[in-house]
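J.: Please see the structure below; I have some questions.
What follows draws every value from the coordinates through simple rules; no lab data is involved. This one's a predicted model, so the numbers in the text were calculated from it and none came from an experiment. Cβ sites come from the backbone with ideal geometry, for glycine too, and all protein chains shown count toward neighbours.
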Amino acid sequence: MEAIQIAIDGPAGAGKSTIAKELAYRLDYTYIDTGAMYRALTYAVLKENVKIDDIPQILEVTRNTEMSFKKGNIFINDILVNNEVRSIVVSQNVSYIARIPEIREILVDIQRRIASNQNVVMDGRDIGTKVLPDAKLKIFLTASVEERANRRYSELILKGLDVNLNDIKEEIITRDKMDEERSCSPLKAADDSIKIDTTDKTVEEVIRQIIFLLNERI
Ligand code: C5P
């Protein structure tokens, strides 16, 4: 049976991971958080004190880093790093790592392999445009920058992190700009994607809308 792929893209904090995770759970599909892969690599690079523009060294760290994703947990060389990869310092640096074409090539290859033989909900920035161009359903989630910053803030506060709302808003704006302006696979809605503005919608409303759209296609 052909594997069904659902691509969910959008800017930082638009609700992609919350929606994608819940959708995967309800459909019994595998959830793949591609942002976590770029974040895990960024964490490993920073931990090795490698400069963010030293591409040969970054590639060396990539080759020596074993990342694994089990049941929503992220491990680097078998060490649990769920909270570390969500830190502000990783958020501030991840777009520098994500704009390196060689890094994208390695991660896109892994993402495609995971999606080739099972039903998946995959979220990121280039899933509909690059990673899974033939996905059965492509969703592009958006929300106002204020709403996105508020959501990220509440999420991090709940995790017990000491954060500032304005810093988060600035970080989101800067990161989106870098992600949109990079030359390799920029953040962009696929032409055949369906855009959903989640600003005034509940998670339940968005999930229902996506399941309705999926049912029209399968
Ligand atoms: O989704 P999340 O906010 O965790 O992604 C972190 C960063 O990883 C993004 O800002 C972007 O720079 C990068 N990313 C990417 N392509 C993806 C997923 C994430 O470039 N498919």
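J.: Over the range 150-218, one equal point on each Cα, no solvent: what is log10 I(q)/I(0) by the Debye formula at q = 0.25 Å⁻¹?
T.: -1.08
J.: Turning to a different aspect of this structure: List every residue whose amide H lies under 5 Å from the amide H of Tyr31, counting only residues 5 or more places away in sequence or on a different chain, with H placed 1.01 Å from N in the peptide plane.
T.: The answer is Val121.
J.: Can you flag which of Lys16/Lys195; Lys16/Lys130; Lys51/Lys169; Lys177/Lys201; Lys138/Lys201 are past 23 Å Cα-Cα?
T.: Over 23 Å apart, Cα to Cα: Lys51/Lys169; Lys177/Lys201.
J.: Between Ile211 and Asp134, what is 0.36 nm times their sequence separation minus the Cα-Cα distance? Round to one decimal in nm.
T.: 25.9 nm
J.: Testing the spin-label approximation: label points 7 Å from Cα along Cα→Cβ at Ile52 and Asn64. State their distance in nm.
T.: That separation, rounded to one decimal, is 2.2 nm.
J.: While we're here: Calculate, in nm to one decimal, what Met1 and Asp28 gain on full extension: separation in residues at 0.36 nm each, minus their alpha carbon distance.
T.: 8.2 nm
J.: Using the Cα atoms of the chain, I'd like the radius of gyration and the largest Cα-Cα distance, Dmax, both in angstrom.
T.: In order Rg, Dmax, the Cα atoms of the chain give 16.6, 49 Å.
J.: Roughly what would the spin-label model give for Asn117 and Asp200, points 7 Å off Cα along C-beta, in nm?
T.: Label-label distance for Asn117 and Asp200, simple model: 4.7 nm.
J.: Please report the relative contact order for the chain, taking Cα pairs under 8 Å with a sequence separation of at least 6, and give it as a percent rounded to a whole number.
T.: Once divided by the residue count of the chain, the mean separation gives 33 percent.
J.: To the nearest 20 debye, what charge dipole does the range 5-212 have about its Cα centre, counting +1 at the Cβ of each Lys and Arg and -1 at the Cβ of each Asp and Glu?
T.: The dipole magnitude comes to about 360 debye.
J.: Going by amide H atoms built from the backbone, whose H comes under 5 Å of the H on Ile74, apart from near neighbours?
T.: Val81, Asn82
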